[in-house]
1. What's the total number of residues in the range 76-104 that are hydrophobic (A, V, I, L, M, F, W, C) and touching a residue at least 12 places away in the same chain (Cβ under 8 Å)?
2. Quickly run through the range 184-198 and pick out the residues that are open to solvent by less than 100 Å² (accessible area, probe 1.4 Å) and either at pLDDT 95 or above or among the polar types (S, T, N, Q) (or both).
3. Of the residues SER109, SER69, SER92, which single one is among the hydroxyl-bearing types (Ser, Thr, Tyr), open to solvent by 40 Å² or more (accessible area, probe 1.4 Å) and in contact with an Asp or Glu (Cβ under 9 Å, 6 or more places away or on another chain)?
4. Spot the failing condition for ALA15; the list is (1) open to solvent by 60 Å² or more (accessible area, probe 1.4 Å); (2) assigned to a loop (DSSP other than H, G, I, E, B), and only one is missed.
5. Looking at the range 60-169, what helices (runs of 4 or more DSSP H) fall wholly within it and have at least 2 residues that are at pLDDT 95 or above, of a type in the set (A, V, I, L, M) and touching a helix residue (DSSP H, G or I) at 6+ places or on another chain (Cβ under 8 Å)?
6. Between a first residue in the range 116-133 that is closer than 11 Å to LYS98 by Cβ and open to solvent by 70 Å² or more (accessible area, probe 1.4 Å) and a second residue that is modelled with pLDDT of 95 or more and aromatic (Phe, Trp, Tyr), which pairs have beta carbons less than 7 Å apart while being 6 or more apart in sequence or on different chains?
7. Among (1) assigned to a helix (DSSP H, G or I); (2) touching a Lys or Arg at 6+ places or on another chain (Cβ under 7 Å); (3) not β-branched (Val, Ile, Thr), where does ARG199 come up short?
8. Against the condition in contact (Cβ under 8 Å) with a residue 40 or more places away in the chain and among the β-branched types (Val, Ile, Thr), how does VAL155 come out, does it pass?
Amino acid sequence: HWLRNLMESERLIVADVNVLPPTFPALGRWVADLRKRFPDKYIVVLEDNFHLLELPGYDAGEAKIAASSHYVKRMCNNYQVTTIATMEITKSDLAPGKRPVMAALKGSSAIPYDINANWTAYNDLADLMDASQIYWEDSKDRTIEFGPNGEGMEVPTKKPVVEIICDKNKISGFKGTTFFEMKPESGFLKECSTEDQGRFRSKVLAQMSERQQARAADSKKL
């Protein structure tokens, strides 16, 4: 009902591939039309995902990604809109325990140059499962764990802590990692307390130190 009201009042306008061709020029023409219809409104364009839109005249590769990035930047400047787009990262940066960074955005160094802010999300519990150290315990949701002799015991259920990592920010200037408790049943996010923020940061630093030591040990073996 809430979403229907937003769409009927045109505060939320949704387009998919059945309505809008999956190309950057089609997106640009659509945004230009919206700006003419709503000359005094703030417009936020949510685009999913950047790497799936085509740019006619370009073959797949770094030149296409760079030109696509420049296209979106011009669109934002020309029509005074904010564009928030999801993006893919390179496969080499999907290794277990490796947190995504702006430099890992797939395709071209033009993207980090053009964007005003970059946020990545990381879920340690989903990535490392039983080896994870970054999670919260839901005392209202109990799980049965079995000991070495088969005895069962009720314990709080481990649930994800999502790290939102900001490594570029020309909007507010803040850069860093903020931790959120996530309820996987609904996707609801709740910002962790100041105490838990510090505790999780310490664990992340310890994880990174352990990985660096492991890499150093492996290089000595080689």
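1. The qualifying residues number 8.
2. SER186, LEU189, CYS192, SER193, ASP196, GLN197, GLY198
3. Every option except SER109 fails the conditions.
4. All conditions are met except number (1).
5. 62-79
6. none
7. The one condition ARG199 does not meet is (2).
8. Considered against the rule, which asks whether it is in contact (Cβ under 8 Å) with a residue 40 or more places away in the chain and among the β-branched types (Val, Ile, Thr), VAL155 comes out as no.
The values are calculated or read from the model by the stated rules, or taken from the named source; none is laboratory data. Computed from a predicted model, the values in this text were never measured in an experiment. Positions of Cβ are generated from backbone atoms using ideal geometry, with glycine treated the same way; all protein chains shown enter the neighbour counts. Note: areas computed on protein heavy atoms with side chains; ligands, DNA, RNA excluded. Shrake-Rupley method; radii C 1.70, N 1.55, O 1.52, S 1.80 Å.
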